[in-house]
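Participant: Questions regarding the structure given below will be posed in turn.
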Amino acid sequence: MAHMPTEAQVHQHTAPTGFIRKYIFSVDHKVIGKQYYFLAVFSVFVGMILSWLVRIHLVWPNAHIWGLNALSPAGAPGGVISPEYYLSLLTIHGTLMVFFVLTTAPQAGFGNYALPIQIGAEDMAFPVLNMLSFWVTFLALCALISSLFVGDGPPISGWTAYPPLSAVGRSAGPGQGIGQDLWGISIALFCAGSLLGALNFITTTVDLRCKGMTLMRMPLTCWAWLITAILSLLSFAVLFAACVLLILDRNAGTSFFLPSGLLVNGTLQNHAGGSPLLWQHLFWFFGHPEVYIAIVPGFGVISHVLSVFSRKPILGYKVIVACLLGIGFLSFTVWGHHMFLSGMSPYSGFLFSIPTLIITIPATIISLLWLGTVFGGRLRFTTCMMFALGFVSVFVTGGLGGMFLAQPSLDIFLHGTYFVVGHFHMVMGVAAIFGMFAGTYFWFPKMFGRMLNEGLGKVHFAITFIGVYCIFMPMHFIGLEGMPRRYSSFVNDLMQPLMPVHKFMTIAALITGASQFIFFFNLFWSMYKGPKASENPWESTTLEWTVPSPPPFDNFGGKHPVVYHDPYEYGNVQNGKDYVMQTDPAGQPARSQ
Amino acid sequence: MGKAFAVALTIITFVSVAVFVSRHWWFPEVASAHGGAMDHQFAETFVGAAIGFILAQLCLAAFAWKYGERKGDQRPIRIFPGGAKWLVVLALIYVGSEIILLEFVGQKVWAAMYFTPAAADSLQVQVLAGQFAFYFRYPGPDGKFGPSHTSRIDETKGNFFGIDTSEPGSQDDIVTVDLGVPVNKPVELLLNSKDMNHGFYVPQMRIQQDIVPGMEIPLHFTPTKIGRYEISCNQLCGLGHHTMRAFLEVMSQEDYQKWIVEQASLQ
């Protein structure tokens with residue numbers, strides 16, 4: 001269904017002048033996309049350092065770590081991490097990574113940058129709201145990071161912040177005073193920023209597609225961002241409410257999550273009538289769609305990039321769209337699989353496991369369609385393509401771990417063990433990050449007008465790919481032995497024989513982490529010194545490759561593009577090219593899928 | 001690069017599967033009645049997952065090896081035979097069969113643990129979890145637990161459960177720091193918490209349950225091997241979470257009788 005935009009679809013903003021309007025308080029989706037991206041880069045850097053501290057503590061608990069005594073004399077006296085500080089570090093690690101890395105760059109970073117251009121629009125539907133959503137997210141990050149420096153440090157309740165531990169206040173332990181409040185404020189602000197962003201994405205996709213850009217001619221990245229935005233809109237509001245209720249329980253004497261009779265540190269608490277399970281339901285009702293918010297943009301990028309670098313149309317475009325919609329819908333029906341052993345009705349547990357297994361179907365279909373796309377192609381092994389191929393591998397691995405955890409009978413053994421930690425790191429900490437790397441290596445030329453160094457990129461990929469399997473596959477092994485998670489050390493004899501495995505994983509983590517500095521160097525060096533990029537270095541068909549690298553402030557220089565073709569016309573060689581631009585009126589389509 | 005990727009991925013695939021299959025790191029030996037069925041279900045899931053893992057990773061490796069674009073490559077692309085249709089069918093068959101097998105056939109273990117109540121002659125033991133220890137209460141000869149409340153807990157006086165000691169039903173209650181049980185007899189634990197969410201996890205028994213304040217959650221099992229098993233707290237409960245443990249002592253009937261009498265004399 002073609003949509004004819006009227007002339008004043010987007011507020012016609014003139015080119016911004018002045019440093020502040022151009023780079024700080026900018027309404028240009030491209031600048032905002034980059035701001036989100038660099039917010040994520042900062043967050044992943046900090047989150048990675050925290051993961052090193054966690055891993056080092058597990059195998060060298062008495063190590064004196066430089067700088068920690070200055071950061072937290074109480075938590076790490078002499079630079080030695082205390083048990084409570086270990087929990088603080090892993091809480092901030094999880095919170096930073098899930099929210100400020102995986103829920104920013106894939107959607108708000110790349111989506112803000114590329115969506116309007118890919119659909120032929122000048123900007124997002126609400127540019128000022130867009131700017132507001134970034135700065136709210138930035139404030140949220142400030143609130144979270146500040147918890148490292150105030151009071152007695154960050155909370156120790158994990159990124160999941162289960163009450164009563166998170167709700168009773170300081171008596172529950174260090175970090176549970178102001179640190180937990182800052183966490184709640186940070187996440188509530190983050191939810192608000194995400195909700196504003198979701199409104200923008202949906203409106204832009206529905207309303208601002210240029211002539212000829214029907215929904216079924218959108219690149220799969222746009223479908224992914226649209227579905228992710230719908231998930232965000234429906235789920236972040238619930239987490240926002242949960243955080244408000246938590247802050248009230250902590251500060252206003254309410255008892256949403258706290259039953260009567262709690263004896264904490266010798267003091268009987270005044271609360272009565274609440275349920276800790278209520279938090280878990282609210283949190284995971286958000287939390288499960290959240291993990292799809294983290295991965296679905298990656299599905300879009302990978303589907304897109306595999307097609308470009310296989311020089312073939314994506315196999316099953318319509319099927320992938322249907323699967324993404326199915327995954328989006330089903331993601332709201334499975335949250336109880338995080339709560340099989342929580343104390344909720346075991347009948348609910350059984351019921352939740354059914355859609356949890358069913359959601360495997362669209363995920364498997366998409367994975368097979370990726371393999372079918374690569375089959376018979378003419379593969380170009382750019383760094384971007386390597387991360388896309390790597391994504392397929394690690395997503396299959398992580399997803400298969402989910403098949404075990406989806407069954408309550410097996411979850412009885414596996415819940416709370418390193419098997420779970422291995423599973424979610426494979427799908428989120430590896431696959432979703434690979435999606436971000438693929439997006440970076442793909443869109444960097446367009447964003448910065450220069451090319452990233454391919455040699456450094458290949459080294460980065462090689463070490464990272466092998467490294468992540470070395471870090472996270474062994475977690476499944478030790479999970480089978482029953483090794484509990486969130487333990488700062490292993491006082492019990494049962495777990496001592498597994499310490500060599502932990503040492504292996506720690507060393508792998510340090511090496512893999514170090515190789516990320518190759519990426520950081522490549523990123524920042526190439527922004528200024530990389531070879532200049534042409535308009536379409538990847539010979540790709542979609543609209544962002546019809547404009548200069550980098551594009552002018554209004555993307556199309558005042559012109560309104562017109563689209564004639566599907567987004568994945570690769571393969572047939574005509575006029576010396578094996579691809580047809582979406583905007584090419586003359587090209588014959590390749591065999592469409 | 002594609003060929004190197006293919007080789008690395010193939011090695012990773014085989015090493016991973018080999019480590020699993022070798023059972024070098026594996027479940028501890030089962031010591032409960034329902035545990036064997038759970039292990040069997042895991043093994044079935046593992047076979048299905050391993051087949052999917054090996055096929056998917058090796059296909060990916062094979063395609064990366066074979067389909068790299070060579071210089072001046074003009075070979076036509078090949079569309080997957082039949083398009084998307086057969087892959088959709090394959091996914092439906094593979095996942096569908098796993099779902100039927102695991103969900104419906106495999107629910108027996110979950111049902112046995114959680115849909116059926118404990119046997120009528122189970123040994124009932126109350127468990128009280130709190131930062132950072134477990135305590136256990138046996139009802140004593142009268143078979144009843146005396147009334148208790150967290151407001152009465154006084155650790156300095158050894159009243160870990162907050163028992164109202166003035167009540168007649170409380171006089172014979174036995175509170176212990178270890179969970180002693182006789183072998184081959186059903187046990188029903190009544191899990192309580194006085195402060196945070198805690199967990200009750202005994203891997204060898206294949207039992208685990210979160211403990212939630214404000215709820216008393218039943219958990220039943222039948223131990224089948226004599227031994228001393230660690231009970232770990234498996235739900236983050238504070239800075240001492242990693243130290244929170246107790247021991248399950250599974251004894252012969254005679255040893256259990258001696259033990260419970262000895263524990264009663266210590267009250």
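The values are calculated or read from the model by the stated rules, or taken from the named source; none is laboratory data. Only a predicted model underlies this, so the values are computations on that prediction, with no experimental measurement involved. Counting neighbours? That spans all protein chains shown, and the Cβs are built from the backbone with ideal geometry, glycine included.
Participant: Would you please list the contacts, defined by Cβ atoms under 6 Å and residues six or more apart or on different chains, that run from a residue in segment A:292-317 that is over 30 Å from A:TRP335 (Cβ atoms) and β-branched (Val, Ile, Thr) to a residue that is modelled with pLDDT of 95 or more and not in a helix (DSSP H, G or I)?
Facilitator: From segment A:292-317, the pairs are A:VAL308/A:TRP538; A:VAL308/A:SER540; A:ILE314/A:TYR568.
Participant: Quick one: in segment A:280-335, which of the residues that are part of a loop (DSSP other than H, G, I, E, B) and among the basic types (Lys, Arg) is surrounded by the fewest Cβ atoms within 10 Å (Cβ to Cβ)?
Facilitator: Start the filter on segment A:280-335 by keeping residues that are part of a loop (DSSP other than H, G, I, E, B), which leaves A:311-316, A:331-334.
Filter again for among the basic types (Lys, Arg), leaving A:311-312.
Working: A:ARG311: 22, A:LYS312: 29.
It comes out as A:ARG311.
Participant: So how many residues does segment A:128-176 have that are over 15 Å from B:LEU236 (Cα atoms), touching a Ser or Thr at 6+ places or on another chain (Cβ under 6 Å) and assigned to a loop (DSSP other than H, G, I, E, B)?
Facilitator: 2
Participant: Scan segment B:58-69 residue by residue and report those that are within 7 Å of chain A (Cβ to nearest Cβ) and assigned to a helix (DSSP H, G or I).
Facilitator: Selection gives B:CYS59, B:LEU60, B:PHE63, B:ALA64.
Participant: Where the second residue is acidic (Asp, Glu) and assigned to a loop (DSSP other than H, G, I, E, B) and the first is farther than 12 Å from A:GLU539 by Cα and lies in segment A:557-571, which pairs have Cβ atoms under 7 Å and are six or more apart or on separate chains?
Facilitator: Final answer for the pair search is A:TYR564/A:ASP584; A:HIS565/A:ASP584.
Participant: Would you point out which residue out of B:VAL88, B:VAL95 is within 7 Å of another protein chain (Cβ to nearest Cβ), over 24 Å from A:ILE412 (Cα atoms) and not in a loop (DSSP other than H, G, I, E, B)? Walk me through it before giving the result.
Facilitator: Numbers: B:VAL95 fails: over 24 Å from A:ILE412 (Cα atoms).
From the options B:VAL88, B:VAL95, the qualifying one is B:VAL88.
Participant: I would also like to ask the following. Can you pull out every residue in segment A:437-472 that is within 14 Å of chain B (Cβ to nearest Cβ) and of a type in the set (Lys, Arg)?
Facilitator: Residue satisfying the conditions is A:LYS458 alone.
Participant: Moving to a separate point now. Being of a type in the set (A, V, I, L, M, F, W, C) and surrounded by fewer than 24 Cβ atoms within 10 Å (Cβ to Cβ) is the filter; apply it to segment A:269-279 and report the residue that is farthest from A:LEU96 (Cα to Cα).
Facilitator: A:ALA272
Participant: Restricting to segment A:341-355, and then to whatever is facing another protein chain (nearest Cβ under 9 Å) and touching a residue at least 40 places away in the same chain (Cβ under 8 Å), can you tell me which residue is surrounded by the most Cβ atoms within 10 Å (Cβ to Cβ)?
Facilitator: A:SER353
Participant: Hey, another quick one. If the Cβ limit is 9 Å and pairs must be 6+ apart or interchain, which residue in segment A:97-115 that is closer than 14 Å to A:ILE433 by Cβ pairs with which residue that is in a loop (DSSP other than H, G, I, E, B)?
Facilitator: Cβ pairs passing all conditions: A:MET97/A:TRP159; A:VAL98/A:TRP159.
Participant: From the list A:GLY169, A:GLY197, A:GLY184, A:GLY175, pick out the single residue that is in contact with a helix residue (DSSP H, G or I) (Cβ under 7 Å, 6 or more places away or on another chain), under 30 Å from A:ALA363 (Cα atoms) and not aromatic (Phe, Trp, Tyr).
Facilitator: A:GLY197
Participant: Here is a follow-up. Which of the residues spanning segment A:515-542 are part of a loop (DSSP other than H, G, I, E, B) and either more than 15 Å from A:ASN453 (Cα to Cα) or of a type in the set (Ser, Thr, Tyr) (or both)? Give the derivation first.
Facilitator: The first filter runs over segment A:515-542 and keeps only residues part of a loop (DSSP other than H, G, I, E, B), leaving A:530-531, A:533-542.
Selection gives A:SER534, A:GLU535, A:ASN536, A:GLU539, A:SER540, A:THR541, A:THR542.
Participant: Tell me which helices (runs of 4 or more DSSP H) are completely within segment A:402-500 and hold 1 or more residues being within 21 Å of the chain's Cα centre (by Cα), or say none if there are none.
Facilitator: Because the criterion is at least 1 residues that are within 21 Å of the chain's Cα centre (by Cα), the helices (runs of 4 or more DSSP H) in segment A:402-500 that meet it are A:418-424, A:433-448, A:454-480.
Participant: Name the residue, out of B:GLY2, B:GLY72, that is at the interface with chain A (Cβ under 9 Å from one of its Cβ atoms) and of a type outside the set (Asp, Glu).
Facilitator: B:GLY2
Participant: Please state which one of B:LEU55, B:LEU101 is modelled with pLDDT under 90, farther than 30 Å from B:GLU262 by Cβ and more than 9 Å from chain A (Cβ to nearest Cβ).
Facilitator: B:LEU101
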